Every structure is written in structure tokens, then in C-alpha cells.
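Here's the structure we're looking at; comments come further down.
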Amino acid sequence: MRFDIRRGLALLVAVFAVAGVPDGAAAAQSLGSRGIPAQGIIPGVPGQLPGFPTLVQSQSGLPSNPVMAPAGAPASQGPTVFDRRSLADIPGQSRGTERVGSPTQAEGGPSLVAPLGDQARVTGPATAVFGASLFTGQGQTSSDAPNPNYILAPGDRVSVRAWGAVDSELVGQIDPAGNLFLPNIGPVMVAGVRVGDLQQVVEGEIRKVYTSQVQVYATVLSTQRIGVFVTGFVRAPGRYAGTASDSVLDFLGRAGGIDPGRGSFREIAVNRGGRTVVTIDLYRFLLQGTLPNLRLQEGDTVVVGRQRAMIGADGAVRNNYLFESTSRASLTGRDLIELARPLPAATNAVLRGVRNAQPFSRYMPIAELSRQTLQDQDTVTFVADVAARTIRVSVEGSRLYPSVLVADRDITFCQILDHIAVEPGLANTEGVFLLRPSLALQQKRTIDEALDRLERQLFLAPSATTSISEARSQEAALVTQYISRARRVQPEGRIVAVGANGQCMPLRLENGDIIVVPELSSTVLVQGEVVFPQAVVWRPGMTTDQFLEAAGGLTPRGSMSTLMIRRPSGAATLSPQQSPQPGDELVALPYLDPKVWLYGRDLVTALFQVALAARVFINN
């Protein structure tokens, strides 16, 4: 395979201009002769695009039929009356015939929607068990100072100090009967009293004896230390010390928490004296914030039961977790919906699991899912599977209003231009073009593939002679630099949407498209292989040679056979037959001579060596 370095470098130069060259059929558009304006073009009318009628407001408040203004309308005429409502807000019966619409590439399948507060969520099956985050931190150590709501019990240590008429201080422990003995006062029942009410209770008993001039201060120094056994499906079963004011969550945390792969968050039993005193469902705490009112005692045992049926929920949900059922084997779809809380955009669900030892999968609406019985290890993916009725299109450049349009998804470029007002003296209506993000990605992929092919041709092409091989090695370094720069090019996805005669093309718009109305220009940008690349003021009758002469002429690498004109709309014309127009770009692409002389030099050298070896030279 023979490598043509001239074509390779021409491709690289064209790559740097691809950001403004349309893709596919649009790339072949050429302005050519402007000729006679097409029917419907009204020059000099404010707010009028060539080839597109002006909208006026009818009595019903809806856009009426186009109104054509006379060709001699004054330039001071007011701008077009614009219907500021969304195009999709106009009722179907008012639009005449309802458009059926057709799906686009972006609407080819369901989409996963993330909550607004968790946009960085990684899509995929749920892996975290609901409630496991309760035990992700380090276990909290018990505090000697109980909270004000703690209920005093036998074994708690209390400090009482009195001063004034009587000066006394006591640090005592509540006896098994629940009393605290105070000198000269007697036993005071404090068991069952809130810590926050201890001051009031003790002061009331003292004032029964010392009626005046006595101040009292009472506080709890520490609560009773207890030992509780934590076993079952926890990470580190054993006996753990704490205080009577500690909750079951505190002791579970000291045991490393519930094993998320084996333990149950819905079946936690507290045994005392060989019987179960209470069963705790942590889902009530997680969802409602309630726990049983239980005071742990010395020797109690907390047992975490085995895990029940586990069902995962992911996709367009607020709670992307693995949920445990209330029964051993199943969970209703309605219960899963209440736990997962699907987003408003979710319409369908994908149910995956195993039935009768065989893989099972089903796609259904959410209403049908609520009637299903989900089995252990099932996963449900909530998706948004409704095609959007509208698209959002932005307008940039030299326009009066609006900057954003919302329309039916099957609206075309020609139809939406009826709703854009421009100033003819400022806007280049013949150069309106479209920027499409999806096309920019496609162009980037095409550029990378072309550069990959160029690299293969550059490094794998055989060389006929040693000199050509050396020349190609030197050129390879230069071309590699160009390839590296070309890979950094970010295409803009420009589409040529207006032809040379000012007529728009019936192109269906996509969500996120950007309509650009360029401003009128009075210059021609001359660049490429010219001595002084610059903008040259356009004058009637100027030829291509005059534009090149104004830029200093062509460089040694330039040639008249490699000229290109790029219009404001993005249309490119190679080897143009017409002169540039205002706003055009005149690009002189590089031209490289083939290395034919290298073949000749190598041939002469080879002949000389053969002749020398054959001794055919005659000595004079």
C-alpha cells in the first residue's frame, strides 16, 4: 500500500476546519450562484427570515396564517408580534391537524433518572442494605452523665448538697428499694424519677423539714454499670459493658453492627430470664424514629435473627437500597414501592430474579408491580419509559427574541424559524445554521477513526527505496504532531440548514439543538497558506486573486488548486468558481509536491553502482 503524504496532510488541515463543516449530506452543500430569491423571501422586513413567513397574533390568541409585507416596507417598521407561549401549550385542536410524531434516537429506550439531590449516584443494582449505615461509624462509649430524660434506677449514684441554715453534702447510691437516704431527712424515693426532675423532688423533701433559708443542689454522678450479651448475626458477638441508660443500638454498635449479609434489621429480640421481653424492628426507627421504651438490665441478651427475604430497588428511586421483607419468603410490590419511593418520572419497572431454579425477568408498569409478590434476592429497576412530548431549543446570535423555545418533538427547523424575530440590518439570515450536540459526538468519533487510519498508513506503508524511507521518517514526526493536535479538536456539530437560495431544509430538530443566527459582516477572512492571514474588506467585483493579493499572496506551500471557501452557515466549497462573499472565509490549503525526484536520485545511484561493479567505465 502506497502512502500519499500529500493527501494525508490535506486531511489534517481539513480536520482543523471540521468544527465548522457539516456532516453527511450537509457537507456537500455549496452556495454556488445566488440567482433569484425563492418564493416567500421578503427583503427589508423587520423580524423576517428569508423564505419564512412572519407570524401575527389572531383574535383567538393563536398564530394565524403568514402575512406577507410589501417589498418596499420601510426599515423603521416595528418588530414582529411574537407568540410568547410554548409551542407545546397550544391545544391540538387549535393547531389544526395533530402531529403524530415519531421517536428519535434519544428515545430508543427507557432512561434511568437520578434524584435532584443525588445526581452523582452511580447507576446499577443496589448494593447497600437499608439501615446498614447505622453502624458504619465507630461505636459510641457510654457516658457517666445521663440525659435529662433518663429514669433513675437502683444502683445509680446521686450527689446532694445543702447550704444555708444547714450545711451538708451526701454522695449516695440508690438502694434496691429505690430510696436515697438523706441524714436528718430520711429515705427519699427517687427510683423512677427523671434526671431532669431530681432537683425538684429532693428539694421538696428537704423543705418539708427545713422550711426556709436552705438551698439544695442535687445531681446524678453516674448510672449503674451493666453487662449485656449481644449475639446472633452480628459482626462481633460477645458481652459488652455499658450503662442502664444505653439503648439497644448502642450495644449493637459495640458488637460491630448487624451483619448486612446474614443478619436481620427487622427481628431483634431482647431476652431476659429465659424469655423474650421485646422484639425490635429497626425499620420503624429508620422510617418513623420510634424504639420500644426498654431499660436494659444486667445479664440481658440481644439476639439478632437471621435475614429475611431481601429485595433490591434501583434506578429512578429516592432510596436505592436492598430492603428486607416483613416475612421470611416474600415482599409485596406495594411495600417495596413505599420503601423505595420511585421518582415522579418512573413509569415502569424491570423485575429480575429466580423462579423454579430458572432466571426470571419481567417488564411491567409500576401499577402492575404493586400487585406482584417479590421473592428473596429479586431486584427491581425503576425506569422512565415515556417519550418526551416536547424538546427544548436554544437560539443564539443576532436575534431579537426569544432565546429558548419549547416545542413538539417532531417540529422541523423551518417551522420553528417562524417564531424567531431578527433585525434584517444586523442578522445574516442566509447563514443561519444549527449546532447539534449529538452530531458533535459523532464528528469527534469520525475524526478519531480517520486519524487512526492515517497513523496506520503512515507507519505501515512500505518504502520502495532507502531515501524515501528516510524522507518518510522525517515527515512522520511532523505528521504525528499534527495528529496529536487534531485529536484535541472539539467539533461543534454544525449542520448547514439553509441553502444557497435562502430556503431552509426540512430538518427535524432534536432536544438540545442550538439555532445560531450570525451577524452580517463586511469582511472576508483570508487564512491558511497566505503570507499575511487577515480579514479583507469586501468590495463589489473583487476576485479571488485580489483577496489573496490583499493577504500578501500564497506561500510556497500554497496553490490555487487547493483553495476552499467556507460560508457563514458552515457550507464548504473546494476549488470555488465564484468569488468570496461578505462573511466568507477563504482558506488556502497546503500543497506538497510528490517525492518523485527521490526515485530518480535512487535510480541514478543504483545504475552507477551497477556500472561500477560491471567495470563498464572507460578510462580516458
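Listing for the model above:
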read-out	value
DSSP-loop trypsin sites (Lys or Arg not before Pro) across segment 366-425, with at most 12 other Cβ within 10 angstrom	ARG371, ARG389
Size of segment 157-222 as Cα extents on the principal axes (Å, biggest first)	31, 20, 17
Average Cα contact separation per residue, segment 325-455, under 8 Å, 6 or more apart, as relative contact order %	19
For LEU400, LEU417, order by how many other beta-carbon atoms lie within 10 Å, fewest first	LEU400, LEU417
Cβ crowding within 10 Å averaged over residues, with 313-324, 436-447 ranked highest first	313-324, 436-447
Tensor-based shape of segment 385-466 (alpha-carbon gyration tensor, a/c under 1.5 rounded, otherwise prolate or oblate)	oblate
Debye, to nearest 20: dipole size of segment 157-222, +1 on Lys, Arg Cβ, -1 on Asp, Glu Cβ	80
Footprinting exposure proxy for GLU430, GLU585 (fewest neighbouring C-beta atoms within 10 Å first)	GLU585, GLU430
Rel. contact order, % - alpha carbon contacts under 8 angstrom, at least six apart, segment 157-222	42
Protection proxy ranking of 544-550, 293-299 - average other beta-carbon atoms within 10 Å, highest first	544-550, 293-299
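Read-outs throughout are calculated quantities, based only on the coordinates presented, and are distinct from any laboratory measurement. Note that this is a predicted model, so its numbers are computed, not measured. When we count neighbours, we look across all protein chains shown, and the Cβ atoms used for this are built from the backbone with ideal geometry, even at glycine.
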